[in-house]
1. Taking only region B:173-220 into account, find how many residues are assigned to a loop (DSSP other than H, G, I, E, B), over 22 Å from B:Glu71 (Cα atoms) and within 17 Å of the chain's Cα centre (by Cα).
2. Of everything in region B:334-373 that's closer than 21 Å to A:Phe299 by Cα and touching a Ser or Thr at 6+ places or on another chain (Cβ under 7 Å), which residue is farthest from the other protein chains (Cβ to nearest Cβ)?
3. Assess whether B:Ser330 counts as being surrounded by 23 or more Cβ atoms within 10 Å (Cβ to Cβ) and within 14 Å of chain A (Cβ to nearest Cβ).
4. Just need a number here: residues in region B:252-302 that are within 21 Å of the chain's Cα centre (by Cα), in a helix (DSSP H, G or I) and exposed (fewer than 15 other Cβ atoms within 10 Å of the Cβ).
5. Can you confirm whether A:Ala309 is facing another protein chain (nearest Cβ under 7 Å), under 30 Å from A:Pro400 (Cα atoms), in a helix (DSSP H, G or I) and modelled with pLDDT of 95 or more?
6. Go through region A:75-126 and report how many residues are touching a helix residue (DSSP H, G or I) at 6+ places or on another chain (Cβ under 6 Å), part of a helix (DSSP H, G or I) and among the polar types (S, T, N, Q).
7. Scan region B:380-416 residue by residue and report those that are surrounded by 22 or more Cβ atoms within 10 Å (Cβ to Cβ) and either of a type in the set (Asp, Glu) or not in a helix (DSSP H, G or I) (or both).
8. So for region A:158-179 (the condition being more than 14 Å from chain B (Cβ to nearest Cβ), assigned to a loop (DSSP other than H, G, I, E, B), touching a residue at least 60 places away in the same chain (Cβ under 8 Å) and in contact with a Lys or Arg (Cβ under 9 Å, 6 or more places away or on another chain)), does at least one residue qualify?
Amino acid sequence: MLLEVLLALVLGAVVLLVLRRSKAAVLKTEDGWWGAGSPPAGAEDESIRPFQVETSREEIEDLQRRIDQTRPVPSLEDSQFNYGFNSTYLQKVAAYWRNEFDWSKQVDKLNQYPHFKTKIEGIDVHYVHVKPKNLPEGRTAVPLIMVHGWPGSFYEFYGILPLLTEPANADDVAFEVICPSIPGYGFSEAPRKKGFNSVCAARVFLKLMRRLGFGRFYAQGGDWGWQITTNMAQLDPTAVKGLHINFAPVENVGPLLILSILLGRRFPGLFGFTELDVKRLYPRVEKMLVEPLKETGYFHIQATKPDTAGRGLNDSPVGLAAYILEKFSTWTDHEFRNLEDGGLERKFSLEDLLTNVMIYWTTGSITSSMRFYKENFAKGFYPPHARIPVTVPTGVAAFPNELMHTPKLWAKQKNHKLKTYTTMARGGHFAAMEEPGLMAQDIQKFIKVVEGKK
Amino acid sequence: MQAVEAIQKALQELDRPKLQLLALSSVGIGLTYFLVWRRKAKKSIPLGDGWWGHGQQTLRDDNKIYPFKVETSEDEINDLHRRIDQMRYTEPLEDCGFQYGFNSNYLQKVVSYWRNQFDWKKQVAKLNEYPHFKTNIEGLDVHFVHVRAPHRPGQKVLPLMLVHGWPGSFFEFYKILPLLTDTKDDLAFEVICPSIPGYGFSEAPHKQGFCSLDAARIFLKLMERLGFNKFYLQGGDWGSLITTNMAQMKPQCVSGLHLNMLAVTKRGVGMLLSLIIGPYLPFLVGFTREDVRRLFPYFEKNVYDLLMESGYMHIQGTKPDTAGCGLNDSPVGLAAYILEKFSTWTDRKNRDLEDGDLEKKYSLDDLLTNVMIYWTTRSIIPSMRFYKENFKTNPQNRVDARTGIFVPMGHAAFPNELMHCPLPWARWRFKDIRSYSYMPRGGHFAAFEEPRLLAEDFVKFVRKVEGKKR
């Protein structure tokens, strides 16, 4: 009896799947304008202006003054990082920031690559443009756009950029990389109007690539970067040659997914579940309900009251650092919650972490960065783009400590041309920053598969 | 012996169906008696014990009660002004009202008032109009205000404890205090307004695990230390849960429990049925027309709206130390975070207004005084930890959620409260409801916003209880 029911379910699921795949809809979008007031008459200024990150004595002194003024509250005994950023360790970070961190030096480091700004849909979009320096004769660099997420920035890619633009291996592909800042983040101007979601960001970045003369290019992203690059592939599948993502949360819950959740532990082979898949997904209630609930408080408040949530963080650098760096700890490895220092310096240097924080601090962009959450969930959890599959070649790098684990079967539901799916050896959510070598390797592997099959 | 024989003879004369009927009805009667007895049996929850100070517990037990005065200094005020001046403004989106949180444009007006016109010294003097005290319980200094009724001949004075919630404080009760203590008729109250440990002038616990059950036990010890062995309780928000726990721990001490907020905890078939049938045949499930008006459309009002408004609860219930860190350095950030609730929880329609209609029901002086209590005591983080401590174990499985409340209870249901609990649902847990009132206006911060209405309903409840003393 059970077998018949099971067979019927499976058959029904297969039928549904087949029917689903046949309607590959295209994501539609309208133009937008995000500046203050009404758009001016006449054509938009499309010039590309070089940009330099700058700082001043006043900026540094103001920061130091505010750090000095912080009012620490001791953490509960033996609570480590379970209540959030541990107060004792936060004081250590603040002391380093105050006395040893050299922002001028970091600004120079940021400026080692050329930065630019250009106006799109009424707002200034910032990006870094890195070309390979020593390209051998007859070779062209492959264009690639890499999009960051929250609470990251273009700076997360500084470790991987040399590996992609000057690969050590002779038969590796050399890339020409564009790292933009999402509007509202860092040096990109924040939208003034409501409604700027990932589809709008995707449209803006497509316009950017077009303006820079790239007709066809690859895209890479994690966190919001995943969502935006996915939307880019959905908006213009002809422009996006391939999509490489290190984050692939499920948006659409279908019968096959449900079946795999119900039976995957007992019959992993049936769904192609690996050992890692089973470890990350089961026990169900703990891994799929309790753990996400524990870690999504920030998401909930940012998706509902971003202006309130960001208000205090824009005045208190230590508060901002605690808020942002807590994620760099917990999202790198959940086990870090049980460490006094959150394991923060095991995979990252304080210098790099604080440079990322400074990008939010000096631009005052924490509130606008949070608004992106509200804009993306304004229409609920099931916007049109969640129902549309991705039809460009896709590669998924599944890092073992990523926030949400996606087995190959689930990734295939959304990405109909899944070319590579790699279970990575180690690494968490901020993959490009934490494991640039591994990430670069997988990007190369993906590109070779796509280019090889041309 | 003869009786037994007589019964045996009578039984033998019954035929089979009658015997079966007798057996069944005996079981039925027995079961009924058992259930009724169980219902009447007043269950209480265990008191437990705790110690929340630094390090190991010391043997010395200081039971003394020390008078306390709220103080301030030039340094404190100058530091506040300096931080306000350092605020880094972020432009709001066009036409967003309070939908994205506290509107930045209106915030600038509030902040300007705070910086230039708000007089903290005057407010401190106002706070000190009532006598404050501190006493050490379970390793923590517990702060409270103790207001005695002036001696009036022929007046019965009853003891009462008022417990605040988040993001409020004992100060929320300052408008209702005179209405309860300084009455001209035959009934007056002697009122204790404590601060929950971790809030305001009460010391914050240094150990993990301090939840509403611990706060309840500490407040029971406080009343005992003050010499009260029977008293009334009133509360909303966390105060509602804490006073309910107090009534569950020592029902013999609680004359009556008055709540202005009721959380619906026990879901199940009964609730589902009433939700499905309620909109169409309300009387069938015990709903009044007013219940229907306040509850439905259910999804929009209770699920969607609650999701929109519970972000703070989610982050405070998981990462309080992170959530409060920036707020403890930035007074403007703290004010925005706290006052957003005073706007939205007073009336949800305020979300569409540029100024959140904050000053319609409250004065900036009062609102900022409450914020200053969090600011000057640096208690925003410990106040947030209370959420995590209470959500550590599934709130529906905790001992207090599975136990009923048997003391006389009264509920004032304000129309703009965060959630509405109809009488039939309240009856699942509260076994002795003496009064249930639909208040004509008011929201979550009832004592602060509508002190007169709340006082009137509370006194009405007390009279019912005092009149019908068992």
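1. Here is the first cut: in region B:173-220, the ones assigned to a loop (DSSP other than H, G, I, E, B) are B:174-176, B:182-186, B:195-211.
From the residues that got through so far, the ones that are over 22 Å from B:Glu71 (Cα atoms) too are B:176, B:182-186, B:205-211.
Imposing the further condition that a residue be within 17 Å of the chain's Cα centre (by Cα) reduces the set to B:176, B:210-211.
Matching residues across region B:173-220 total 3.
2. B:Arg351
3. Values: surrounded by 23 or more Cβ atoms within 10 Å (Cβ to Cβ): yes; within 14 Å of chain A (Cβ to nearest Cβ): yes.
Considered against the rule, which asks whether it is surrounded by 23 or more Cβ atoms within 10 Å (Cβ to Cβ) and within 14 Å of chain A (Cβ to nearest Cβ), B:Ser330 comes out as yes.
4. Count: 1.
5. Values: facing another protein chain (nearest Cβ under 7 Å): yes; under 30 Å from A:Pro400 (Cα atoms): no; in a helix (DSSP H, G or I): yes; modelled with pLDDT of 95 or more: yes.
In short, no.
6. Summing the residues that are touching a helix residue (DSSP H, G or I) at 6+ places or on another chain (Cβ under 6 Å), part of a helix (DSSP H, G or I) and among the polar types (S, T, N, Q) in region A:75-126 gives 1.
7. Correct list: B:Glu389, B:Ile405, B:Val407, B:Pro408, B:Met409, B:Gly410, B:His411, B:Ala412, B:Ala413, B:Phe414.
8. yes
The values are calculated or read from the model by the stated rules, or taken from the named source; none is laboratory data. Note that the structure is a prediction, hence the values are computed from the model and not measured. Using ideal geometry, Cβ is built from the backbone for each residue, glycine included, and neighbour counts are taken over all protein chains shown.
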